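Readers should treat all values here as calculations from the given coordinates under stated rules, not as data from a laboratory. All figures in this text were calculated on a predicted structure; none of them were measured in a lab. Don't worry about glycine lacking a Cβ; one is built from the backbone with ideal geometry, like all the others, and counts go over all protein chains shown.
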Amino acid sequence: MSTSESLPEANPHRQVPSVDAVLQNAAREVATWGQPQVVEIVRQILAEVRQQISVGQVPELDMENICSRLGQILSERNAPRLLPVINLTGTVLHTNLGRASLPREALDAVAMAASSPTNLEFDLHSGVRGDRESHIEDLICELTGAEAATAVNNNAAAVLLVLNTLAMNAQVPVSRGELVEIGGSFRIPEVMQRANCSLVEVGATNRTHLKDYQSALNDNTALLLKVHTSNYRIEGFTSSVDEQELADLAHAHQLPLVVDLGSGSLIDFASLGLPGEPTAADMIAKGADIITFSGDKLLGGPQCGLIAGTRELIDHIKKNPLKRALRLDKMTLAAVAEVLKLYRDPGSVVQKLPALRQVTREVADIRQQAQRVCEALSGELPPGWKIEVVDCFSQIGSGALPLETIESVACCLSGGELTDVRDIALALRKLPTPILGRVHKGVLWLDLRCLEREQEFIGLMRQLHL
Ligand SMILES: *Cc1c(COP(=O)(O)O)cnc(C)c1O
């Protein structure tokens, strides 16, 4: 007689329930997540259980335990992938956090375009096929003074498309001071190579003169390119050629001038008390034949790259087969149109667009908020933690106005000798809506410039205590 007959529990493998048995107890999970996924996870859990038994462990085998583990795995696996976070990093347009947030007008338009058929490429007047960019071209022209315009997925795509259309198998002189790299993956020399054109470096890193461009011109030159050095600045003994002079030189040789503005802007930042950033209209007025700029940097809209310029060149660009590969989707188009319309009233656009509202927020207002927040949280944080109001500097981010910092105010969190500041930062990241700050000098800085949902923030911070 074997021992397993007299003591059935001696063979724990026999006690592992079957997949079917678990499924019978998991009707709710099956209804929520669907049979195939639930079966897959049940198999996985039972395999783990057998594995534990085979190494001599004693796993929890009752059905309730198995089902609760099942529910937990399924809800973690199906949790939303993108989560809202509270950006208190001090960088307003943070590329890793998705840059600009959209205004209400754009959100409504996105929801409409996403949930219903639209006249995206259909002319309701004539009843024939239309052009998807007709919905924004007139707005871009109105706001930049350009004759024609188009748009693609981001500014990197815009630069690629423009160069590939206008300079394929030809040369493009660029100043050595403007061979920028943006975020590690966008480098002018590499984009040129992919666009199939050859870069001709002119001038020196710190100084480039008109005559440097002049001597680079030959029969194989396709255009002159000027790149706005948006994320760095060369200082000291420097010189570069103004767009107007460059446009004159290009035109004297029947060549176009292309300007990659990077962030670009549709309003004069200097008038808002901020350091000036070239406006798209300035560049067109100075004679640029094509300009490109981002939709989600200082413009404050969705990710896209706007291209504006002469009718002839824009028509040419639109016919490039790459354009189809880089085209905007309907949701982005709907959002850009609404964002651009807001610029028709320069008086209200700064308040309506979150990016501009946050960039221009008064420091006195931020300071008052910091004091309110610190007061609301004093005595409500984990033992030993300290919170205090400290002046700081924010930056715009995404390479816009890189060296210019804007005065701001932070709530600084520290935890005394025994608490590592990285643990504080981690605790804030683990909140149901993660709060992101910046660790600096052993303290977690929560720059309040971008804090709009103050009560939600205070409520979240109080949960740290629990
Ligand atoms: C940011 C930037 C780009 C890339 O723009 P994306 O919209 O991020 O693709 C290209 N050129 C310059 C000068 C930039 O600043």
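Below are the figures for this structure:
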{"read-out": "Fully extended contour minus Cα-Cα distance, from residue 214 to residue 78, at 0.36 nm per residue", "value": "43.0 nm"}
{"read-out": "Separation of alpha-carbon centers, region 256-278 and region 193-231, rounded to whole Å", "value": "21"}
{"read-out": "Label point distance in nm, residue 112-residue 233, each placed 7 Å from Cα along Cα→Cβ", "value": "4.2"}
{"read-out": "Backbone N within region 110-151 under 16 Å of label point (7 Å from residue 331 Cα along the Cβ vector)", "value": "110-118"}
{"read-out": "Of 279, 75, 17, farthest towards positive along the dipole that unit charges on Lys, Arg, Asp, Glu beta carbons give the chain", "value": "17"}
{"read-out": "Contour excess over end-to-end distance, with Cα ends at residue 244 and residue 27 and 0.36 nm allotted per residue", "value": "71.0 nm"}
{"read-out": "Mean Cα-pair separation over length for the chain, i.e. relative contact order, pairs under 8 Å, 6 or more apart, %", "value": "19"}
{"read-out": "Distance from region 318-379 to region 51-119 (C-alpha centre basis), Å", "value": "24"}
{"read-out": "CD proxy at 222 nm, helix term only [per DSSP H run n ≥ 4: -39500 (n - 2.57); per residue of the chain; nearest 500]", "value": "-12000 deg cm²/dmol"}
{"read-out": "Amide H contacts of residue 329 (H built 1.01 Å from N, under 5 Å, at least 5 apart or other chain)", "value": "none"}
{"read-out": "Restricting region 75-151 to trypsin sites (Lys or Arg not before Pro) in coil, as DSSP defines it, with at most 14 other Cβ within 10 Å", "value": "81"}
{"read-out": "In the chain, lysine pairs closer than 16 Å at Cα, eight or more apart or cross-chain", "value": "5"}
{"read-out": "Distance between modelled label sites at residue 48 and residue 441, nm, 7 Å Cα→Cβ extension", "value": "4.5"}
{"read-out": "Calculated from backbone phi, Karplus (6.51, -1.76, 1.60) coupling profile of region 309-326 in Hz, x at Gly/Pro", "value": "x, 6, 3, 4, 5, 5, 4, 4, 4, 5, 7, 5, x, 4, 4, 5, 6, 10"}
{"read-out": "Largest to smallest principal axis extent of the C-alpha atoms in the chain, angstrom", "value": "104, 55, 48"}
{"read-out": "Farthest toward positive dipole pole in the chain [+1 Lys/Arg, -1 Asp/Glu at C-beta], among 135, 322, 124", "value": "322"}
{"read-out": "Cut-off under 5 Å, modelled amide H: who pairs with residue 221 long-range", "value": "171"}
{"read-out": "Inter-centroid distance (Cα atoms) of region 420-466 relative to region 130-180, Å", "value": "40"}
{"read-out": "Residue 362-residue 455 FRET efficiency (beta carbon distance; Förster radius 22 Å; 0.05 resolution)", "value": "0.60"}
{"read-out": "Estimated FRET transfer efficiency (residue 430, residue 95; beta-carbon r; R0 22 Å; 0.05)", "value": "0.45"}
{"read-out": "Rounded to the nearest 20 debye, dipole of the chain from Cβ charges on Lys, Arg, Asp, Glu", "value": "520"}
{"read-out": "Cut-off under 5 Å, modelled amide H: who pairs with residue 16 long-range", "value": "none"}
{"read-out": "Efficiency of FRET between residue 423 and residue 126 - r from beta-carbon atoms, R0 60 angstrom, step 0.05", "value": "0.40"}
